[in-house]
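The values are calculated or read from the model by the stated rules, or taken from the named source; none is laboratory data. Since this is a predicted model, take the numbers as computed values, not measurements. Every residue, glycine as well, gets a Cβ built from its backbone with ideal geometry; the counts of neighbours run over all protein chains shown.
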Amino acid sequence: MHNKYKEERNMVELTRNEELILLSIWKLKGKAYGVTIRADFKAVTGKALNYGSLYNTLYRLAQRGLVETGESAPISRQGGRRKILYTLTSLGEKALAEAQKIHRLAWGKVPDLHG
(Lines give C-alpha, C1' and ligand atoms only; values in the text may rest on other atoms or scores of the structure.)
Protein backbone atom coordinates (compact mmCIF):
# COMPACT_ATOMS: atom_id res chain seq x y z
CA MET A 1 0.00 0.00 0.00
CA HIS A 2 2.79 2.40 0.89
CA ASN A 3 4.53 1.92 -2.49
CA LYS A 4 1.30 2.56 -4.38
CA TYR A 5 0.81 5.81 -2.44
CA LYS A 6 4.38 6.84 -3.22
CA GLU A 7 3.81 6.18 -6.93
CA GLU A 8 0.64 8.27 -6.90
CA ARG A 9 2.42 11.16 -5.19
CA ASN A 10 5.09 11.15 -7.91
CA MET A 11 2.54 11.16 -10.73
CA VAL A 12 2.62 14.30 -12.86
CA GLU A 13 -0.81 15.93 -13.03
CA LEU A 14 -1.79 17.47 -16.35
CA THR A 15 -4.60 19.77 -17.38
CA ARG A 16 -6.57 18.71 -20.45
CA ASN A 17 -4.79 21.34 -22.59
CA GLU A 18 -1.37 20.28 -21.28
CA GLU A 19 -2.16 16.66 -22.12
CA LEU A 20 -3.35 17.51 -25.62
CA ILE A 21 -0.32 19.74 -26.28
CA LEU A 22 2.07 17.01 -25.08
CA LEU A 23 0.25 14.54 -27.32
CA SER A 24 0.57 16.91 -30.29
CA ILE A 25 4.31 17.25 -29.68
CA TRP A 26 4.67 13.47 -29.49
CA LYS A 27 2.69 12.95 -32.72
CA LEU A 28 4.60 15.65 -34.62
CA LYS A 29 7.96 13.91 -33.95
CA GLY A 30 10.54 16.69 -34.40
CA LYS A 31 8.24 19.00 -36.35
CA ALA A 32 6.45 20.43 -33.31
CA TYR A 33 6.48 24.21 -33.22
CA GLY A 34 3.77 26.73 -32.41
CA VAL A 35 1.90 26.61 -35.71
CA THR A 36 1.94 22.81 -36.08
CA ILE A 37 1.03 22.19 -32.43
CA ARG A 38 -1.86 24.64 -32.70
CA ALA A 39 -3.08 23.01 -35.94
CA ASP A 40 -2.99 19.52 -34.39
CA PHE A 41 -4.80 20.77 -31.29
CA LYS A 42 -7.55 22.23 -33.50
CA ALA A 43 -7.78 19.04 -35.59
CA VAL A 44 -8.35 17.02 -32.42
CA THR A 45 -10.62 19.36 -30.46
CA GLY A 46 -12.24 21.47 -33.17
CA LYS A 47 -11.21 24.52 -31.13
CA ALA A 48 -8.56 27.10 -31.94
CA LEU A 49 -6.07 27.63 -29.15
CA ASN A 50 -4.84 31.22 -29.13
CA TYR A 51 -1.09 31.66 -29.34
CA GLY A 52 -0.82 33.34 -25.93
CA SER A 53 -2.44 30.37 -24.24
CA LEU A 54 -0.35 27.92 -26.26
CA TYR A 55 2.98 29.58 -25.50
CA ASN A 56 2.14 30.08 -21.82
CA THR A 57 1.34 26.36 -21.58
CA LEU A 58 4.52 25.40 -23.45
CA TYR A 59 6.53 27.61 -21.08
CA ARG A 60 4.96 25.93 -18.04
CA LEU A 61 5.60 22.47 -19.50
CA ALA A 62 9.26 23.40 -20.08
CA GLN A 63 9.58 24.79 -16.54
CA ARG A 64 8.20 21.51 -15.18
CA GLY A 65 10.73 19.52 -17.23
CA LEU A 66 8.15 17.89 -19.51
CA VAL A 67 9.33 19.47 -22.78
CA GLU A 68 12.56 20.91 -24.06
CA THR A 69 13.18 23.37 -26.83
CA GLY A 70 15.60 23.59 -29.70
CA GLU A 71 15.94 25.65 -32.86
CA SER A 72 15.38 24.57 -36.43
CA ALA A 73 17.67 25.55 -39.24
CA PRO A 74 16.67 28.94 -40.66
CA ILE A 75 14.07 28.74 -43.40
CA SER A 76 15.54 29.08 -46.88
CA ARG A 77 14.25 32.50 -47.89
CA GLN A 78 16.40 35.56 -47.19
CA GLY A 79 16.04 36.71 -43.61
CA GLY A 80 14.42 33.39 -42.73
CA ARG A 81 13.86 32.83 -39.05
CA ARG A 82 14.53 29.75 -37.03
CA LYS A 83 11.58 27.93 -35.50
CA ILE A 84 11.48 26.96 -31.85
CA LEU A 85 10.92 23.20 -31.86
CA TYR A 86 9.50 21.29 -28.90
CA THR A 87 10.25 17.71 -27.91
CA LEU A 88 9.12 15.62 -24.98
CA THR A 89 11.59 14.84 -22.23
CA SER A 90 11.56 11.40 -20.64
CA LEU A 91 9.44 12.90 -17.83
CA GLY A 92 7.04 14.30 -20.46
CA GLU A 93 6.75 10.88 -22.10
CA LYS A 94 6.11 9.31 -18.70
CA ALA A 95 3.40 11.87 -17.90
CA LEU A 96 1.73 11.27 -21.27
CA ALA A 97 1.87 7.48 -20.81
CA GLU A 98 0.31 7.86 -17.35
CA ALA A 99 -2.49 10.01 -18.79
CA GLN A 100 -3.12 7.37 -21.46
CA LYS A 101 -3.24 4.65 -18.79
CA ILE A 102 -5.75 6.62 -16.73
CA HIS A 103 -7.98 7.19 -19.78
CA ARG A 104 -7.90 3.50 -20.68
CA LEU A 105 -8.79 2.48 -17.13
CA ALA A 106 -11.54 5.09 -16.83
CA TRP A 107 -13.13 4.43 -20.24
CA GLY A 108 -12.21 0.77 -20.75
CA LYS A 109 -15.57 -0.77 -19.88
CA VAL A 110 -17.79 2.11 -20.94
CA PRO A 111 -19.82 1.33 -24.07
CA ASP A 112 -19.69 3.75 -26.98
CA LEU A 113 -21.72 6.78 -25.93
CA HIS A 114 -22.73 7.54 -29.54
CA GLY A 115 -24.87 4.51 -29.94
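Within the bounds of the stretch 48-67, is there any residue that is assigned to a helix (DSSP H, G or I), more than 18 Å from Gly92 (Cα to Cα), in contact with a helix residue (DSSP H, G or I) (Cβ under 9 Å, 6 or more places away or on another chain) and not β-branched (Val, Ile, Thr)? There is at least one residue in the stretch 48-67 that is assigned to a helix (DSSP H, G or I), more than 18 Å from Gly92 (Cα to Cα), in contact with a helix residue (DSSP H, G or I) (Cβ under 9 Å, 6 or more places away or on another chain) and not β-branched (Val, Ile, Thr).
Yes/no matrix, rows are residues, columns are (1) among the hydroxyl-bearing types (Ser, Thr, Tyr); (2) surrounded by 14 or more Cβ atoms within 10 Å (Cβ to Cβ):
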position	(1), (2)
Leu22	no, yes
Lys29	no, no
Val35	no, no
Arg38	no, yes
Lys42	no, no
Thr45	yes, no
Leu49	no, yes
Asn56	no, no
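Just to verify a result, which residue in the stretch 65-81, among those that are in contact with a Phe, Trp or Tyr (Cβ under 9 Å, 6 or more places away or on another chain) and in contact (Cβ under 8 Å) with a residue 24 or more places away in the chain, is surrounded by the most Cβ atoms within 10 Å (Cβ to Cβ)? Let's see the steps before the verdict.
First, the residues of the stretch 65-81 that are in contact with a Phe, Trp or Tyr (Cβ under 9 Å, 6 or more places away or on another chain): 67-70, 72.
Right, trim to in contact (Cβ under 8 Å) with a residue 24 or more places away in the chain and you get 67, 72.
Details: Val67: 23, Ser72: 14.
So the residue we want is Val67.
Name the residues in the stretch 8-20 that are surrounded by 13 or more Cβ atoms within 10 Å (Cβ to Cβ) and modelled with pLDDT of 95 or more, would you? The answer is Leu14, Asn17, Glu18, Glu19, Leu20.
Just to be sure before I move on: is Ala62 modelled with pLDDT of 95 or more, among the hydrophobic types (A, V, I, L, M, F, W, C) and surrounded by fewer than 15 Cβ atoms within 10 Å (Cβ to Cβ) in the structure I sent? For Ala62, the condition - modelled with pLDDT of 95 or more, among the hydrophobic types (A, V, I, L, M, F, W, C) and surrounded by fewer than 15 Cβ atoms within 10 Å (Cβ to Cβ) - is not met.
Would you check which residues across the stretch 12-47 are of a type in the set (D, E, K, R), touching a Phe, Trp or Tyr at 6+ places or on another chain (Cβ under 9 Å) and in a loop (DSSP other than H, G, I, E, B) and list them?
Residues of the stretch 12-47 that are of a type in the set (D, E, K, R), as a first pass: 13, 16, 18-19, 27, 29, 31, 38, 40, 42, 47.
Still in the running and touching a Phe, Trp or Tyr at 6+ places or on another chain (Cβ under 9 Å): 38, 47.
Hit for the stretch 12-47 is Lys47, nothing else.
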